[in-house]
Amino acid sequence: MLPYKYDIITISSVIFVIRYELILIILMEIMYDYWKQKIENRGLTWILRCPTKYDAIELSKLRVKIDGETENLDRESGEGLLTPEDFKKLIYEDLIAKNTIFLVAEVEGKIVGFTRCQGSKLSRFRHKSEFGICISKEYWSHGIGKVLLYNGKIIR
């Protein structure tokens, strides 16, 4: 049996972690409401913003759709699937990471594209990053990719 004092420390640690995660969730919601950029370009008005956990299902479906629309991506349709839970995890991890940015393009309440840039966690590779961009084919030639590229390169 563990000493009583250890039990209190363990419980306090768990409460701290729960509070920390709740604070991050609240910050994510504030950031979503605060950081939105309305873009008008080539006859289309759309929103550039950070994703939230509520976008996970839509992002998962959109990624599968886009994979089947072009051969310009590193995977074919159905390969390397990310579930909504995978996207929720990415969104959460990107919120607290110092060297990662994740942005979505939204038209009339529907996500039509996204970009993500993740820097290396290893100090010797901090000059390297992975970058990806996906835009639904029906929204090509509206300048969405250019704006995502420009804003996706800004690492916090």
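Odds and ends about this structure:
- If the chain linking Glu76 and Phe131 were pulled fully straight, counting 0.36 nm for each residue of separation and taking away their Cα-Cα distance, it would gain 18.1 nm.
- Residue among Phe114, His142, Thr100 farthest towards the positive dipole end of region 88-156, charges placed on Cβ: Thr100
- For the pair Ala97 and Glu69, label points projected 7 Å from Cα toward Cβ lie 2.4 nm apart.
- Under the convention that each Lys and Arg Cβ holds +1 and each Asp and Glu Cβ holds -1, the size of the dipole of region 91-132 around its Cα centre is about 380 debye.
- Under 17 Å from a label point set 7 Å out along the Cα-to-Cβ vector of Thr83, no amide N atom of region 114-128 is found.
- ³J(HN,Hα), Karplus 6.51/-1.76/1.60, whole Hz, each residue of region 53-61, x for Gly, Pro: 4, 6, 8, 4, 5, 5, 5, 4, 5
Each value in this text was obtained by applying a stated rule to the coordinates, not by laboratory testing. A quick note: this is a predicted structure, and the numbers were derived from the prediction, not measured. A quick note on method: Cβ atoms are made from the backbone with ideal geometry, for glycine too, and the neighbour counts reach across all protein chains shown.
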